[in-house]
Structures are given as C-alpha cells and as structure tokens.
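The values are calculated or read from the model by the stated rules, or taken from the named source; none is laboratory data. Here the structure is a predicted model, which means the values were calculated and not measured. Glycine also receives a Cβ, built like all others from the backbone with ideal geometry; neighbour counts cover every protein chain displayed. Remember, those area values only see protein heavy atoms, side chains included, never the ligands or the DNA or RNA. Shrake-Rupley method; radii C 1.70, N 1.55, O 1.52, S 1.80 Å.
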Amino acid sequence: FHAPPIVFPANTTKYLTPKDVKRIAWGVEQVRRIFTFPPLAPGNTGQEVFPGPSVTGQALYNSIHKHHIKNAHWVGTCKMGAADDEDVVVDENVRVRSVNNLRIVDASIFPTTPNGNTHSSVVAVASRAADLIWNGRQ
C-alpha cells in the first residue's frame, strides 16, 4: 500500500477564515478582560507576552492572522515543576498552586510536546494523578 504524499498549503494564513480570526481576536479580548478580576489580576499572574496587551482592535486581528500556526498537540500552558520556580502553575502532585482542591491532569502541564501523539503521555499522567489522589485520601 502506497499512500500519496501529504502536501501542506504553502501559505499558512489560509488555515483560518476571516470569521475565524475575528472569533479568536474576540476570545483574546475576553481572556484579557477576565484577567482583570482577582485573583487573576496583574500582580497575581504573569504578564501577556505575545502579542502584548497594547495590541488591540485591527492590530490584534492582523497579528493573529499573520502569526497563527496549526498545531494539534497543544501543551505547556500550565507549567509543572518545583515550588521555587515562580513560573510554575502546577506542583509535582498536579495541584494548582495557591488554589485548594484543584488539580490539572492534561497535556497543559507538559514542558514540551512529546514525540508522537500526546494521548499516551496524557494517559500516563492521568494514571499517576489518580494514584496521587487516591493515596492522598487514605
């Protein structure tokens, strides 16, 4: 069996329609608004890095249109690590720092995208988290 080669479009800006970009820009604005309320307010969380809080309106739309990428394996949005690292969101027991009774058990705690599909890695993390939660109740 010989499958035809996969050919990706040369212009990656064709992945999203103008309506898609508009929806994403709206979503970015909503997340920014949510981050103005405690406990997520500035000083309690990190600062927006890209495109930056000053990029709004048409400039935000243009930035999303220009810089978006396709990726089916999002990881790393809730860094897991040592307590002395101020960028860490989740501790080694998958507990969210400074929030009682909340754990994150998905690919967002991975520091980098694993080789291959993320599913098996998520299953391993979930299994370990289940053990931690179960053992913590006894």
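Quick check on segment 103-118. Is at least one of its residues open to solvent by less than 50 Å² (accessible area, probe 1.4 Å), of a type in the set (Gly, Ala, Ser), assigned to a loop (DSSP other than H, G, I, E, B) and modelled with pLDDT of 85 or more?
No: segment 103-118 contains no residue that is open to solvent by less than 50 Å² (accessible area, probe 1.4 Å), of a type in the set (Gly, Ala, Ser), assigned to a loop (DSSP other than H, G, I, E, B) and modelled with pLDDT of 85 or more.
Mind telling me which of the residues Asp87, Asp106, Asp91 ends up being touching a residue at least 24 places away in the same chain (Cβ under 8 Å) and under 30 Å from Gly136 (Cβ atoms)? Don't jump to the end; show me each part of the working.
Working: Asp106 fails: touching a residue at least 24 places away in the same chain (Cβ under 8 Å); Asp91 fails: touching a residue at least 24 places away in the same chain (Cβ under 8 Å).
One residue alone meets the criteria, Asp87.
Within segment 68-102, which residues are touching a helix residue (DSSP H, G or I) at 6+ places or on another chain (Cβ under 6 Å) and assigned to a loop (DSSP other than H, G, I, E, B)?
Quick first cut of segment 68-102, residues touching a helix residue (DSSP H, G or I) at 6+ places or on another chain (Cβ under 6 Å) only: 75, 77-78, 80, 90, 93-94.
Residues satisfying the conditions are Val75, Thr77, Cys78, Asn93, Val94.
For segment 45-83, give me each residue that is among the polar types (S, T, N, Q) and in contact with a Pro (Cβ under 7 Å, 6 or more places away or on another chain).
Of everything in segment 45-83, just one residue is among the polar types (S, T, N, Q) and in contact with a Pro (Cβ under 7 Å, 6 or more places away or on another chain), namely Ser63.
Looking at segment 13-33, which of its residues are modelled with pLDDT under 90, assigned to a helix (DSSP H, G or I) and open to solvent by 60 Å² or more (accessible area, probe 1.4 Å)? Working first, answer last.
Step one: list which residues in segment 13-33 are modelled with pLDDT under 90, which gives 13-17.
Among the residues that remain, those that are also assigned to a helix (DSSP H, G or I) are: 13-14.
Once the filter is applied, which keeps residues that are modelled with pLDDT under 90, assigned to a helix (DSSP H, G or I) and open to solvent by 60 Å² or more (accessible area, probe 1.4 Å), segment 13-33 yields only Lys14.
Against the conditions (1) assigned to a helix (DSSP H, G or I); (2) over 25 Å from Ala107 (Cα atoms), where does Ile64 fall short? Just the number, please.
With respect to (1) assigned to a helix (DSSP H, G or I); (2) over 25 Å from Ala107 (Cα atoms), Ile64 is out only on (2).
Quick check on Lys66: is it among the basic types (Lys, Arg), exposed (fewer than 15 other Cβ atoms within 10 Å of the Cβ), more than 24 Å from His119 (Cβ to Cβ) and at pLDDT below 90? Walk me through it before giving the result.
Values: among the basic types (Lys, Arg): yes; exposed (fewer than 15 other Cβ atoms within 10 Å of the Cβ): yes; more than 24 Å from His119 (Cβ to Cβ): yes; at pLDDT below 90: yes.
In short, yes.
What pairs come up if the first residue lies in segment 36-65 and is more than 14 Å from Ile24 (Cβ to Cβ), the second is among the aliphatic types (A, V, I, L, M) and open to solvent by 70 Å² or more (accessible area, probe 1.4 Å), and their beta carbons are under 8 Å apart, counting only those six or more places apart or on different chains?
Pairs found: Leu40/Ile34.
Provide a single number: the residues in segment 72-96 that are surrounded by 15 or more Cβ atoms within 10 Å (Cβ to Cβ) and basic (Lys, Arg).
1
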